[in-house]
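This report concerns only the one structure given below.
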Amino acid sequence: MDERKQSIIDHLEELRMRILKSLACVILFFAPGYVLAQPSIEALKRYAAPPGVKFYYMEPMALFFTRMKLGLVYACLFSLPVIAYQIWRFVAPGLYRQERYYISRLSGVSTLLFLLGVAFSLFGVFPMLMRFSYGMSTDDIAPMLQVDSVISMAALLSLGFGIMFQLPIIVFFCVISGIIPLDAMHKARPFIVLIIFVLAAILTPPDVISQLCMGVPTWLIFEISLLTVSRYARKQKTESNDEDEETSDDRNDAENNKHDRTAATTAATAISEEPGWLAPDGSNSDIYPNDMISGGEPLADVHPGRVRHLGPGRRGRAGKGRRRS
């Protein structure tokens with residue numbers, strides 16, 4: 001019990017050290033992130049908002065806190081490699097080798113998909129939502145876009161699309177590791193699509209347009225992922241069947257060789273039991289029949305697995321055999 005408690009304490013101590021290292025990295029990158037906050041707000045206004053739109057803030061410290069939040073987001077993004085490394089160092093000892101192999105190979109793809117989701121959000125979905133929102137204004141009703149609301153919406157969309165773009169990794173890992181069989185995933189497709197749209201409603205602002213902008217692309221990504229994994233699974237099954245056929249052929253060849261050796265041994269034993277066959281040393285021979293020696297006929301050389309005839313060059317030595325009295 002003491003050893004078990006000590007092991008738990010060691011794991012908790014290691015977890016604490018990993019968390020502290022990650023937090024230290026986030027704090028280190030916070031200052032550069034805060035410096036980049038204001039240029040990012042201006043770039044977002046320039047490229048995402050319709051022309052002539054201004055951002056406002058209604059409270060004295062609203063812009064400052066918006067910069068702080070944006071700086072924290074940048075710090076987390078810059079620290080992501082270190083955080084991922086600390087997580088990996090903590091969980092890797094408890095994983096099987098095959099699981100470590102797949103995770104190490106898929107980590108780079110996961111990062112790329114997350115960045116693609118963020119880029120799709122900032123340069124595709126968010127500008128469209130901004131134009132749609134601003135297009136509903138009239139002469140009597142004009143929008144006053146608060147900077148903190150705009151930044152929060154952009155950050156939430158970016159995070160949501162980054163997470164939803166991880167769906168191919170999740171599908172591939174679940175099928176390959178056997179957590180969810182491929183047939184079960186095909187049968188559960190309607191429920192998975194429903195879950196996708198529910199998550200889209202949670203991760204986006206409370207409007208139908210944002211939900212559809214996230215739900216529909218994620219649905220398409222899921223269908224493409226399922227198709228890709230199905231092809232991969234069929235390819236793996238074909239290769240496995242080919243290996244099984246090769247193994248079966250090798251086993252059949254081994255059995256045939258064993259049968260040939262048994263047949264040859266049986267034939268040699270039957271020859272040695274015939275009367276009147278003597279070897280040069282006077283014992284029964286399965287090779288040297290006297291009447292064949294005297295008649296000059298080729299001799300049979302019996303070995304396990306093959307029978308061949310000896311030519312005249314081999315008869316001189318065999319002719320020294322003698323008949324049994």
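The values are calculated or read from the model by the stated rules, or taken from the named source; none is laboratory data. Since we're looking at a predicted model, the values are computed, not measured. Ideal geometry is used to build each Cβ from the backbone, glycine not excepted, and the neighbour counts take in all protein chains shown.
The single condition among (1) under 26 Å from residue 123 (Cβ atoms); (2) at pLDDT below 85; (3) not aromatic (Phe, Trp, Tyr) that residue 217 does not satisfy is (2). Condition check: of a type in the set (D, E, K, R), in contact with a helix residue (DSSP H, G or I) (Cβ under 8 Å, 6 or more places away or on another chain) and part of a helix (DSSP H, G or I). Does residue 105 satisfy that? In short, no. Reported count of residues in region 36-85, each being of a type in the set (Gly, Ala, Ser) and without any contact (Cβ under 8 Å) to a residue 12 or more places away in the chain, is 2. I'm trying to understand the selection: among the residues of region 92-109, which are closer than 28 Å to residue 157 by Cβ, touching a residue at least 24 places away in the same chain (Cβ under 8 Å) and surrounded by fewer than 16 Cβ atoms within 10 Å (Cβ to Cβ)? 109, the sole residue that qualifies. Within region 77-91, the residues that satisfy the criterion of being buried (at least 16 other Cβ atoms within 10 Å of the Cβ) and not aliphatic (A, V, I, L, M) are 78, 79, 86. Only a single criterion out of (1) aliphatic (A, V, I, L, M); (2) outside any helix (DSSP H, G or I); (3) buried (at least 16 other Cβ atoms within 10 Å of the Cβ) is not satisfied by residue 118, namely (2).
Take the residues of region 168-206 that are touching a helix residue (DSSP H, G or I) at 6+ places or on another chain (Cβ under 8 Å) and not in a helix (DSSP H, G or I): which is surrounded by the most Cβ atoms within 10 Å (Cβ to Cβ)? Show your work before the answer.
Start the filter on region 168-206 by keeping residues that are touching a helix residue (DSSP H, G or I) at 6+ places or on another chain (Cβ under 8 Å), which leaves 168-169, 171-177, 179-182, 185-186, 189, 192-193, 196-197, 199-201, 203-205.
When the remaining residues are screened for being not in a helix (DSSP H, G or I), the result is 177, 179-181, 204-205.
Numbers: 177: 12, 179: 11, 180: 15, 181: 12, 204: 24, 205: 15.
Looking at the filtered set, the residue picked out is 204.
Yes or no, residue by residue, for (1) touching a Lys or Arg at 6+ places or on another chain (Cβ under 9 Å); (2) crowded, with 18+ Cβ neighbours inside 10 Å; (3) under 30 Å from residue 176 (Cβ atoms):
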| residue | (1), (2), (3) |
| --- | --- |
| 32 | no, no, no |
| 66 | no, yes, no |
| 69 | no, no, no |
| 113 | no, yes, yes |
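Out of curiosity, is residue 60 in a loop (DSSP other than H, G, I, E, B), farther than 30 Å from residue 168 by Cα and out of contact with any helix residue (DSSP H, G or I) (no Cβ under 6 Å at 6 or more places or on another chain)? Considered against the rule, which asks whether it is in a loop (DSSP other than H, G, I, E, B), farther than 30 Å from residue 168 by Cα and out of contact with any helix residue (DSSP H, G or I) (no Cβ under 6 Å at 6 or more places or on another chain), residue 60 comes out as yes.
Checked against (1) under 29 Å from residue 220 (Cα atoms); (2) assigned to a helix (DSSP H, G or I), residue 90 passes all but a single condition, namely (1). Taking region 136-193 as the range and being touching a Leu at 6+ places or on another chain (Cβ under 9 Å) and under 21 Å from residue 58 (Cβ atoms) as the test, the residues that pass are 147, 148, 150, 151, 153, 154, 155, 156.
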